[in-house]
Amino acid sequence: MKLTLPDGDELEVEEGKRVIDIAYDIGPGLGDATVGATLDGELLDLRDEVVEEGEFKIITLDSPQAVEIIRHTASHVLAQAVKSLYDDVKLAIGPAIEDGFYYDFDLPETLSEEDFDEIRDEMRKIVEEEYEIERFALDPGKAREHLLEQDEEYKLELVEEFVSEGEEEVTFYRQDGFTDLCEGPHLRNTGQLEHFELLDVAGAYWRGDENNVMLQRVYGTAFAEEKELQEYIERQEEAKERDHRKLGPELDLFTFHPEVGPGLVYWHPKGTEMLNVIKDFWRSKHREDGYEFVSTPHIGKSDLWKKSGHLDYFREDMFPPMRESNQEYFLKPMNCPFHVQIYQSRTRSYRDLPLRWAELGTVYRHERSGVLHGLLRARGFTQDDAHIIATPDQVKEEVTGVLNLTFDILSAFGFEDYQIALSTKPEKSVGDEVKWDKATEALKEAIVDLDLDYDVEEGEGAFYGPKIDVHLEDALGRLWQTTTVQFDFNLPERFDMTYMGSDGQEHRPYMIHRALLGTLERFFGILVEHYKGAFPVWLSPLQAVVLPVTEDNNEYAEEVAGKIAESGIRVEARTDVDENLSRQIHEAQLEKIPYMLVVGDREEESGEVSLRLRTEEDLGPRPLDEFIDFAKEKIRDKALI
RNA sequence: GCCGGCGUAGCUCAGCGGUAGAGCGGCUGAUUCGUAAUCAGUUAGUCGGUGGUUCGAAUCCACUCGCCGGCUCCA
């Protein structure tokens with residue numbers, strides 16, 4: 001059997017030889033350093049037997065793929081430590097995850113972060129002992145026996161599942177006296193786990209199902225190098241500093257008032273200014289793209305929500321109704337049924353289609369209390385909503401139009417990296433197969449036409465139609481869901497929407513529901529975190545501030561600010577404070593105002609302003625008109641600064 | 001909704017059974033100053049809410065509201 005090595009050489013090995021033995025054949029040094037391998041990109045344990053040919057690559061501690069193995073072993077070391085420190089510990093699962101690892105435990109004692117020092121010390125001991133990690137396989141009967149003996153009820157449940165899936169044996173890993181049912185891969189020796197940290201303890205349902213018992217999950221992370229671990233911790237701190245829930249109130253953009261109602265946003269003047277800039281831009285882009293705007297009420301009678309299906313499928317996410325006469329009114333959790341009313345207000349012809357109706361519609365949803373998260377998950381929010389009602393022939397072009405508009409708008413805000421997911425028909429769905437196929441095809445073709453990468457999420461569509469979701473990547477590489485483009489086969493049926501075709505027959509239109517920014521609130525929150533509050537000039541609530549050197553320059557400062565304001569730039573003269581220049585600059589810096597204009601006697605004499613940027617660059621004096629042109633150009637180009 | 005942690009001045013936090021504290025901020029005054037915090041004085045709170053234990057509760061207990069981190073759900 002032949003394996004292709006990374007340098008292109010072919011290595012002749014006997015079938016069934018273990019990864020580690022192959023590594024020693026290549027070289028003893030390599031053998032000592034081996035923690036696993038990949039075969040055609042697939043991760044292998046160092047104890048695995050290689051039975052197929054392919055591209056073979058040994059993983060050592062400094063390989064990028066090693067981190068997954070390191071973390072998996074870290075979770076076992078954690079489990080061993082917890083088991084040795086506490087009584088009656090039952091193990092659930094303990095995988096490596098994107099940023100680290102966790103282990104879920106069931107134990108009578110409640111763990112808290114105060115216990116981390118002790119657990120960490122115990123883990124260190126296990127690492128220092130350099131226990132050899134061994135693997136062994138058992139048939140289901142022996143495995144059950146072994147787990148029963150250890151009273152590991154959760155692991156037993158897992159074994160039953162593996163057996164029902166047809167597994168004939170299950171693997172265990174052992175280090176010191178500790179054994180765990182586990183697929184691996186793992187390091188060779190606990191001593192190879194050097195750089196780890198415990199991060200958090202939280203509740204987690206067994207198997208992720210809220211009907212099951214809640215376990216205690218300990219989160220941690222581990223890296224091959226201490227430096228990487230430190231960088232990770234710094235990145236977490238950086239994320240904390242960018243938190244929109246902290247920056248929003250600090251920059252006087254918005255606040256929450258939980259005593260009045262959790263999850264409801266209060267927009268301050270500066271936040272509202274910014275919001276208006278976003279809305280104006282959004283409206284002009286939509287107008288250019290042939291959208292019309294509609295406005296609809298905030299409440300509607302229960303009959304409407306019954307007919308739309310919301311009371312059957314969405315009721316627990318809706319605020320309880322208010323009563324008027326013998327009627328119940330509900331706050332709208334979505335705009336769609338209202339847009340359908342407008343459609344139904346007269347008969348529609350194929351000549352009218354496509355209709356593109358947009359509304360910055362504020363909706364209210366009674367989100368479960370534990371899920372609220374500042375602007376990113378609120379109970380009242382404004383969707384940048386639109387419904388496109390089209391004939392079957394128009395569907396593909398409409399989707400393409402939506403995607404083009406999406407990326408046009410998102411890139412204007414400085415987002416260039418996206419992840420796109422196409423979600424297809426789930427098991428439970430409405431609408432016939434033909435429609436699903438056509439709509440899914442339209443979505444896919446639109447993505448392909450634009451030459452975009454995407455993932456298919458099979459069966460993840462809504463019950464009423466397939467969809468495209470866009471996640472955008474921010475400055476820290478985090479992903480946020482914003483855009484969604486969804487077909488809806490439910491509402492046209494329920495409301496019996498029709499249009500008169502050229503054949504004189506009534507036809508059912510396609511309905512596309514789309515939100516590009518997602519919601520203004522969430523998008524705003526993402527902007528705050530992405531820019532850390534230092535917004536591009538066109539978005540900054542205050543674009544320039546005029547700072548007099550002494551009180552004698554106040555009059556000139558006001559004059560300068562007046563002229564700048566006339567050109568449409570948002571500006572303020574700081575003439576009502578008695579502070580020295582350094583102090584004023586300090587404060588303007590904290591407010592993250594893009595342009596600081598220093599005016600003293602020198603500037604007053606020459607009719608100039610001295611320009612300092614919030615990036616701390618001092619660009620020196622220039623005529624006022626020159627600054628105005630400079631700023632207008634930056635605003636027009638949507639430049640950062 | 002569930003698990004855990006936490007609610008003290010506008011903000012950040014100390015105090016953890018014996019008369020509520022600091023720094024920043026705010027206010028007042030002095031200073032008139034050239035690119036990230038001038039100096040001085042002063043103002044600060046039903047210690048989230050309700051009930052209980054106690055001679056006495058910010059501190060201990062119960063309930064409740066809210067926030068934070070997860071889980072589940074989601075724009």
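Here the calculated FRET efficiency for A:Leu613 and A:Leu372, from their Cβ-Cβ distance with R0 = 45 Å, stands at 0.75, rounded to the nearest 0.05.
Check each of the GluC sites (Glu not before Pro) in region A:612-641 and keep only those in coil by DSSP with at most 10 other C-beta atoms within 10 angstrom; list them in order.
Filter output for region A:612-641: A:Glu616, A:Glu617.
Amide H to amide H distances under 5 Å link A:Asn189 with A:Ile133, where only residues 5 or more positions off or on other chains count and H is placed in the peptide plane. Accessible-area rank, largest first, for A:Trp305, A:Trp267: A:Trp267, A:Trp305, with all protein chains present and a 1.4 angstrom probe. Seen against the Cα atoms of chain A and their longest principal axis, helix A:66-85 is set at about 70 degrees.
Note: relative contact order over region A:2-60, using C-alpha pairs below 8 Å and six or more positions apart, is 40 percent. A:Ile126 contributes about 10 Å² of solvent-accessible surface, heavy atoms of the protein only, 1.4 Å probe.
Taking every protein chain into account, the accessible area of region A:66-239 amounts to 50 square angstrom per residue (probe 1.4 Å). Label-to-label distance for A:Thr4 and A:Phe136 is 4.0 nm, based on points extended 7 Å past Cα in the beta-carbon direction. When peptides A:524-537, A:249-262, A:463-476 are ranked by their average number of other Cβ atoms within 10 Å per residue, the highest-first order is A:524-537, A:463-476, A:249-262. Among A:81-93, A:230-242, sorting by the average number of other beta carbon atoms lying within 10 angstrom of each residue, highest first, gives A:81-93, A:230-242.
Where Lys and Arg each count +1 and Asp and Glu each count -1, what net charge lies around A:Gln344 among other residues with Cβ under 12 Å from its Cβ? Counting the neighbours of A:Gln344, the net charge comes to +3. Give me the net charge for the shell around A:Ser502: Cβ to Cβ below 14 angstrom, other residues only, Lys and Arg +1, Asp and Glu -1. Here the count lands on -2. Over all distinct Cα-Cα pairs of region A:544-636, the Kirkwood formula returns a hydrodynamic radius of 12.8 Å.
Count the net charge of all other residues whose Cβ sits under 11 Å from the Cβ of A:Thr519, scoring Lys and Arg as +1 and Asp and Glu as -1. Once all neighbours under 11 Å are counted, the net charge is 0. Computed over region A:2-60, the range of Cα coordinates on each principal axis works out to 23, 20, 20 Å, biggest value leading.
Can you give the Kirkwood hydrodynamic radius of region A:399-547 from its Cα pairs, in Å with one decimal?
That comes to 17.2 Å for region A:399-547.
Please give the Cα centre distance for region A:49-101 versus region A:153-191, rounded to the nearest Å. One Cα centre to the other: 12 Å.
Distance from the Cα centroid of region A:561-585 to that of region A:607-641 is 14 Å (rounded to whole angstrom).
Axis of helix A:395-412 versus longest Cα principal axis of chain A: the two differ by about 80°, to the nearest ten degrees.
Against chain A, whose longest principal axis is taken from its Cα atoms, helix A:226-242 shows a tilt of about 30°. Our Cα-only numbers for chain A put the radius of gyration and Dmax at 30.7, 94 Å. Over 30 Å apart at the Cα level, from the set A:Lys444/A:Lys592; A:Lys332/A:Lys435; A:Lys240/A:Lys425; A:Lys301/A:Lys428; A:Lys532/A:Lys634, are A:Lys444/A:Lys592; A:Lys240/A:Lys425. Relative contact order, whole percent, for region A:544-636 stands at 28, derived from Cα pairs under 8 Å and 6 or more residues apart.
Relative contact order for chain A: 8 percent, from Cα pairs under 8 Å spaced at least 6 residues apart, divided by residue count. Computing the accessible area with a 1.4 Å probe over protein heavy atoms, can you report the carbon and sulfur percentage for chain A? Whole-percent figure for carbon plus sulfur exposure: 43.
The values are calculated or read from the model by the stated rules, or taken from the named source; none is laboratory data. This structure is a prediction, so every number in the text was calculated from the model and none was measured. Positions of Cβ are backbone-derived with ideal geometry, glycine not excepted, and every protein chain shown enters the neighbour counts. Side chains included, ligands, DNA and RNA excluded: accessible areas come from the protein's heavy atoms. Shrake-Rupley method; radii C 1.70, N 1.55, O 1.52, S 1.80 Å.
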